[in-house]
Amino acid sequence: IIIVNIIIIISEIIFGFISNSFALIADALHNAGDVLAVVVTYIALRLGSKTTTFKQTFGYVRAEMMAAFVNTLFLYITMIYMIYEAINRFFNPEVINPIYMIIVGIIAVIANGISAYILNNIGVSSCSHDHSHHDHHEDANIKSAYLHMLSDALISVAVVVAGIFIYLFKIYYIDSILTVLFSVYILYHSYPLLKKSFLSLMDINIIDI
């Protein structure tokens, strides 16, 4: 799942620039953040075979929170820039090649859909056995990764629909509108992780905030 989605991300960025579509690039960046979530899930599952003491060490948790904070902060900065550029493009529309949006978007829908299906099956399979507290935590990680992939698939569907509208009606500002919507959606859903990771690094108890 990780390898396939990395290929999709690279393709969306490349063809996003080629087609001049910010919506495709925004989708790629959102997918990148969600692939990171799958990577974290994979690492957590791999560490499941290690000792409990190692899994619960302060250093491991701190490293995980540092990675989450840096990546989420980068995503925030990128999305704010995307919104700025999308607003400029809304008032000064540029020609967009919708063919790449449609083709790459369809591939992304298929890839993300299959990824979500696989993760969902893993979660269902693991739920059929008796669990310890740690197993339930792993199930939550798998469920979270599944929801990330599912949201990526839905956003890719929106990219495909936008590409079809641009192809049929030459309404280029749809790309700008979608870029803003995607960016705001990503900012909104990334904020809890940004806050949690920041407070964790500052040794602040979230309950006290």
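How do 80-87, 174-181 rank on mean C-beta neighbours within 10 Å, highest first? Please report the intermediate quantities before stating the final value.
Working: 80-87: 16.0, 174-181: 22.6.
Highest mean packing first, the order is 174-181, 80-87.
What is the spin-label model distance, in nm, from Ile118 to Ile2 if the labels are put 7 Å beyond Cα along the C-beta direction?
Going by the 7 Å Cα→Cβ label model, 1.2 nm.
If you count, for each residue, the other Cβ atoms within 10 Å and average over each peptide, how do 26-35, 145-154, 1-10 line up from highest to lowest?
Values: 26-35: 24.4, 145-154: 21.4, 1-10: 16.2.
Ranked from most to least packed, the peptides come out as 26-35, 145-154, 1-10.
FYI, it's all coordinate maths here, none of it is from the lab. From a predicted model like this one, the values you see are computed outputs, not experimental measurements. Neighbour counts are summed over all protein chains in view; Cβ atoms, including those assigned to glycine, are modelled from backbone coordinates with ideal geometry.
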